[in-house]
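The values are calculated or read from the model by the stated rules, or taken from the named source; none is laboratory data. The model shown is predicted, which means the values in this text are computed figures rather than measured ones. Neighbour counts run over all protein chains shown; Cβ positions are idealised from the backbone, glycine included. Heavy atoms of the whole protein, side chains included, go into the accessibility calculation; ligands, DNA and RNA do not. Shrake-Rupley method; radii C 1.70, N 1.55, O 1.52, S 1.80 Å.
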Amino acid sequence: MINMSDFKWIRPPRKYKITKDGAQIITEPNTDLWQRTYYGFRNDNAPVLQISSNEKYFSFTVKTQFDSKRRFDQCGIAVYLDSENWLKASTEYENENIQRLGSVVTNHGYSDWATTDIDARIKTMWYRLSRREADYCIECSLDGAEFKQMRICHLCEGGEEVRFGIYACSPEESSFKAVFTDMEITDCKWLAHK
């Protein structure tokens with residue numbers, strides 16, 4: 001079981017609720033995580049609620065529920081080491097038809113973005129983050145049972161103690177509620193190649 005009192009905020013939002021079962025974030029306008037790539041834009045003000053670990057092999061799973069409704073509204077999981085080294089995976093609203101199920105990895109101040117389109121009517125998504133030393137696997141699931149790989153990546157500064165957890169933000173003039181439940185930390189479910 002995860003003890004929610006072990007989680008610490010990076011930039012707490014004005015409105016949030018933490019219970020023994022999870023957390024709720026009300027996003028604030030013009031909040032985001034992104035660094036430099038493509039057009040030089042930088043924003044590093046999204047709230048992240050994290051726990052720390054020295055474990056080199058583990059998996060972290062969480063269920064997200066969201067009522068996003070404006071372009072770029074997003075919520076999901078994050079490993080946030082500092083402003084120039086982090087990763088995130090989320091469901092990001094695009095329009096009334098599609099959302100971007102995606103992930104961003106930022107190494108030494110440069111972000112990438114990998115996405116696939118999903119139906120905008122989806123309002124629940126599970127994520128599983130698995131660590132194998134400085135390498136990470138991000139998976140998603142619609143039901144919390146069958147997970148599909150989103151990406152495997154490396155964090156250049158992610159080989160020692162890491163901080164990981166949840167985040168939500170609204171890069172434009174928007175606000176929405178993101179709810180995070182069913183959090184657990186387990187042995188690493190990302191199995192080694194044989």
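At 7 Å along the Cα-to-beta-carbon direction for both D32 and S52, put a label point, then send me their distance in nm to one decimal.
Simple spin-label model gives 3.0 nm for this pair.
Work out, step by step, the length gained on full extension between N97 and E160: first 0.36 nm times the residue separation, then minus their alpha carbon distance; give nm to one decimal. Provide the component values of the computation, followed by the final result.
Numbers: separation 63, 0.36 × 63 = 22.68 nm, distance 4.09 nm.
Value of the extension gain: 18.6 nm.
Ranked from highest to lowest mean number of other Cβ atoms within 10 Å per residue, what is the order of the peptides 168-181, 144-157?
Details: 168-181: 20.2, 144-157: 14.4.
Answer by packing, highest mean first, reads 168-181, 144-157.
What net charge is computed for the residues neighbouring G144, neighbours being all others with C-beta under 12 Å from the C-beta of G144, Lys and Arg scored +1, Asp and Glu -1?
Working: positive: K63, R128; negative: E139, D143, E146, D182, E184.
My count for the surroundings of G144 gives -3.
Would you mind computing Rg(Cα) / (2.2 N^0.38 Å) for segment 1-93, counting N as its residues? Show your work: numbers first, answer last.
Working: Rg = 13.9 Å, N = 93, 2.2 N^0.38 = 12.3 Å.
Taking N as the residue count of segment 1-93, the ratio is 1.13.
Tally up the carbon and sulfur contribution to the accessible surface of segment 7-161 as a whole percent, 1.4 Å probe, everything protein left in place.
Values: 3430 of 7340 Å².
Roughly 47 percent, rounded to a whole number.
Using label points projected 7 Å from each Cα along Cα→Cβ, tell me how many nm separate E173 and K194, to one decimal.
A separation of 5.8 nm, rounded to one decimal place.
Could you check the simple spin-label distance between R71 and E184, using points 7 Å along Cα→Cβ, in nm with one decimal?
Spacing of the two 7 Å Cα→Cβ label points: 4.0 nm.
Between T115 and R151, 0.36 nm times their residue separation minus their Cα-Cα distance comes to what? Could you put the intermediate results ahead of the total?
On the way: separation 36, 0.36 × 36 = 12.96 nm, distance 0.99 nm.
Computed gain between T115 and R151 is 12.0 nm.
Taking only protein heavy atoms and a 1.4 Å probe, what accessible area per residue, in Å², does the chain have with all protein chains in place? Working shown, then result.
On the way: 9520 Å² over 194 residues.
That works out to 49 Å² for each residue.
Got the relative contact order for segment 11-91 handy, in percent, Cα pairs under 8 Å and 6 or more residues apart?
Relative CO of segment 11-91 lands at 18 percent.
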